[in-house]
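The values are calculated or read from the model by the stated rules, or taken from the named source; none is laboratory data. Everything numeric here is computed off the predicted structure, so don't read it as measured data. Because the Cβ atoms are built from the backbone with ideal geometry, glycine has one as well, and the counts that use them run over all protein chains shown. Remember, those area values only see protein heavy atoms, side chains included, never the ligands or the DNA or RNA. Shrake-Rupley method; radii C 1.70, N 1.55, O 1.52, S 1.80 Å.
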Amino acid sequence: MALAPDAPKDSFRLSMLIYDTRFRAMTIQVIVLILFGLAVAWLLNNTVQNLAAKGKTFNYSFLWVRAGYDIEQTLIPYTNDSTHFRALLVGLTNTLVVALVGCIGATILGVIVGVLRLSKNWLVARIMTVYVEIFRNIPLLLWILIIYVPISEIAPAPSAFRVTEEMQAAGQAPAASKILFDTVAVTNRGIYAPLPLFSRPLGSVDLGPVSLNLTFLSIVAVLGASILAYRALRARARAVQEATGVRPVTWWKSLMILVLPTALLLAAMGLHLEIPELTRFNFTGGILLQHAFTALTLALILYTGAFIAEIVRAGILAVSKGQTEAAYALGLRPNRTMSLIILPQALRVIIPPLISQYLNLTKNTSLGIAVSYLDLRGTLGGITLNQTGRELECMLLMMLIYLTISLIISAVMNVYNRSVRLKER
Amino acid sequence: MHKTILIGALTAAGLAAGASAAATVDDVKARGELICGSNTGLTGFGAPDANGNWQGFDVALCRAIAAAVLGDPNKVRFVPTTGETRFTALASGEVDVLIRNSTWTFSRDTELAFDFVAVNYYDGQGFMVKKDLGVASAKELDGATVCIQTGTTTELNLADFFKANNMTYTPVNVQDDSQAQQQYLAGACDAYTTDASGLAASRATMADPENHIILPEIISKEPLGPVVRHGDNNWGDIVRWTFYALVTAEEKGITAANVEEVAASSTDPEVRRLLGVEGDMGAKIGLDNEFAKRAIAAVGNYGEIFEANIGEATPIGLARGLNALWTQGGLQYAPPFR
């Protein structure tokens, strides 16, 4: 009786790594990974060798050395006696403030333009199309310069605001004067605006590298409490309305809850405005809004706004027309249809590409170098790099910081995206 | 993602650092061209003229080196560098020598690993203001806005000067002289500060130089000179001794016009050694014996270069001052050719 032949023995031969489809995919991956590792090792080795050949070391101790240079716009206390690390932080805050203002402004502008581009009003829709096409098709750097040059060339010099005794005697007015009730001076060096100051501030608590400003914290706390109380009031009003069918009058209560505590606190701390005054060379006092900041932020808002407008338009068009028709059938007006029906659904399509616009905007702040805006690129990647000669360290650190900022923005926006996306049941 | 970015950085760093530290003079000879890091445009020191030919005090030294090494003062490629990019350009090997109003300091010499081989201009930092501002001294600048080039020693001196005099200022950071001049003229700053020679050069190119004054205070020492990479001593010697040949030539009265005649007729042993009539000076630095003669013939001696580019007869109108020969009360002093 013939026995059935044995099942083939499950032996492994080397050639199977190439010819057996079960193993081939793995083989290729392993080879690519090894090549990748070798490339990394070669680069590292090359760097180490070249650093050694130049007699350079790789360390970050320069961050704790006195910086020795001054920065125009400092949101945190800084003098030329501070360390390079402090200068880095100043640059970082300057970057973040542009990014924050830019993201908010670009979103508002983008949503408005995106909606208006779909308007039935022919003229409005065309104007918005022209805006979008012009701004997103011309490089951002040019926009920054186009905005910066006119405002710094046209505005009068601080000396034009001066009133000399002879001019007073002759009854002449100075060539330029402050606007908005004589408080804001627009000069060719920047916009000098009044600064809110407190005559009885609460001081601050020093916690190592960061110091907590109690004045600011108390305002935030009071404002937060007011908003919570306001929401409680509205919730109660709604409950009453549902129970009785009559909504109690709340507007004056809301107004009091929202405004009064903060106003009292501000008054108690002695809020007053410091008006910029002309001295020997410049205006002093108040806060200086540099033209570099204005131009950079404005250009970023206009440029990124154009992209966001397209994203918003795409999002709105992605919502089926039946939704609008159904809303109209229910008797909703176009405005309410847009804000209650269309936009909430469109958000699901809008958010993911919006994240990348925020990331772009944040990274594009580094173009501030064109108008000498001292952001992270200008301090750490500019002056510090130059004065210490630590190119590799500064560049790596700067990349790491931009990467971190981008990942944080991305993470926050992803959380938001999760909260608005379609809840599947 | 981390990894990819790190690799990118390292690639860039690796490539930048890839230029070997081997003999620069061989590279220059093989290339048949000297690459000279120069200013982006500072009239009198280094700037292209209307025909695109580079002219200036620093440029002349580049041409002298090209004449000495390659035998032709026109075999130079000028790479314009800003205050920020110049040292990276030199360290990465993009330029062979940097002759661009660069101040010799301790940290640049040591930490940045460069060699300042000589001082071709003894300078100091000054301030320029508009006349109608009514300022007569830098000590009156309290509260002023000052235009300053980033990545320079002047930036640090400025901070120190205002601190030492208990004054405040607002800096306006600019990239190079032309941007500084534009900002200053537009009134974005009250004062412009850089090396006094640079101020004079800037003022000379303005439409109304008589309306601007350079304040009397000189707030720092700025020895400006040619820079080479640390470690290639032979190349450093070539640059150094080419420069000193020009200084010695002035001391000995050798000019571009009479160099041939002096070489043929002089009996002064040092002149004969300098011009390669006797001895083997050139061979000792890897060049031929007539390197100094060619350099002098190409651009003239130190005094001629000074007078032609930035001297009192030019619009820039700088006096020799500290840059006179030591025999005339200045600091320019060449070690003996022996």
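So here's what we get for this one:
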| quantity | calculated |
| --- | --- |
| Pairwise FRET efficiency - B:ALA313 versus B:MET206, Cβ, R0 = 22 Å, nearest 0.05 | 0.70 |
| The range B:125-220, accessible surface, carbon-and-sulfur percent (1.4 angstrom probe) | 50 |
| Mean accessible surface per residue for the range B:123-256, computed with a 1.4 Å probe while every protein chain stays in place, in Å² | 32 |
| Geometric extent, Cα atoms of the range A:316-397 - Rg, Dmax (angstrom) | 23.0, 69 |
| Span-like helix ranges in chain B, DSSP H, alpha carbon extent 24 angstrom or more, Kyte mean at least -0.5 | B:233-252 |
| Excluding exposed DSSP-loop GluC sites (Glu not before Pro) (at most 14 other C-beta within 10 Å), longest clean stretch of chain B | B:1-277 |
| For chain A, the Rg and Dmax computed from alpha carbons only, in angstrom | 30.2, 134 |
| Radius 10 Å from Cβ of B:ASP72, net charge of other residues (Lys, Arg +1; Asp, Glu -1) | +2 |
| Fraction of accessible area attributable to carbon and sulfur, the range A:33-100 (%, probe 1.4 Å) | 73 |
| Dipole of the protein assembly as shown, positive end: most advanced residue of B:THR193, B:PRO80, B:THR150 [Cβ charges, Cα centre] | B:THR150 |
| Tilt relative to chain A, helix A:122-136 - C-alpha long axis, 0 to 90 degrees, to 10 | 70 |
| Neighbour net charge for B:GLY311 - beta-carbon separation under 14 angstrom, K R +1, D E -1 | -3 |
| Extension gain (nm, one decimal) between A:ALA237 and A:LEU212, 0.36 nm per residue minus Cα-Cα | 5.3 nm |
| Percent of Cα pairs exceeding the 50 Å cut-off, where the set is the protein assembly as shown | 34 |
| Surrounding net charge for B:GLN55, when Lys and Arg each add one and Asp and Glu each subtract one, Cβ distance under 13 Å | -1 |
| For the protein assembly as shown, calculated [θ]222 nm from helices alone, where every DSSP H run of n ≥ 4 adds -39500 (n - 2.57) | -16000 deg cm²/dmol |
| Förster radius 35 Å - calculated FRET efficiency between A:ILE108 and A:PHE58 (Cβ-Cβ, nearest 0.05) | 0.20 |
| Rg followed by Dmax, in Å, when the range A:22-125 is reduced to its Cα trace | 25.6, 68 |
| Per residue accessible area in Å² of chain A, where ligands, DNA and RNA are left out and the probe is 1.4 Å | 58 |
| Relative contact order, percent, chain B [alpha-carbon distance under 8 Å, six or more residues apart] | 21 |
| B/A buried area, accessible surface, summed, 1.4 Å probe, Å² | 3900 |
| The range B:125-220: C-alpha pair distances exceeding 22 Å, % | 16 |
| The range B:79-159: relative contact order as a whole-number percent, Cα under 8 Å and 6+ apart | 32 |
| Cα-derived Rg to Rh of chain B, Kirkwood definition | 1.00 |
| Accessible carbon and sulfur surface of the range A:169-286 relative to its total accessible area, %, 1.4 Å | 69 |
| Antiparallel DSSP beta bridges within chain B, as percent of all bridges there, nearest 5 | 50 |
| Rounded to 10°, Cα long-axis angle of helix A:140-154 versus longest principal axis of chain A | 10 |
| Cross-link pairs B:LYS29/B:LYS75; B:LYS252/B:LYS293; B:LYS139/B:LYS163; B:LYS163/B:LYS221; B:LYS75/B:LYS252 - those with Cα-Cα distance over 21 Å | B:LYS75/B:LYS252 |
| B:ILE214-A:ILE408 FRET efficiency (beta carbon distance; Förster radius 60 Å; 0.05 resolution) | 0.75 |
| Between 0 and 90°, nearest 10: helix A:391-420 axis offset from chain A longest Cα axis | 90 |
| List of the range B:161-181 residues, accessible area with partners at least 50 Å² below that of the chain alone (1.4 Å probe) | B:LYS163, B:PRO171, B:ASN173 |
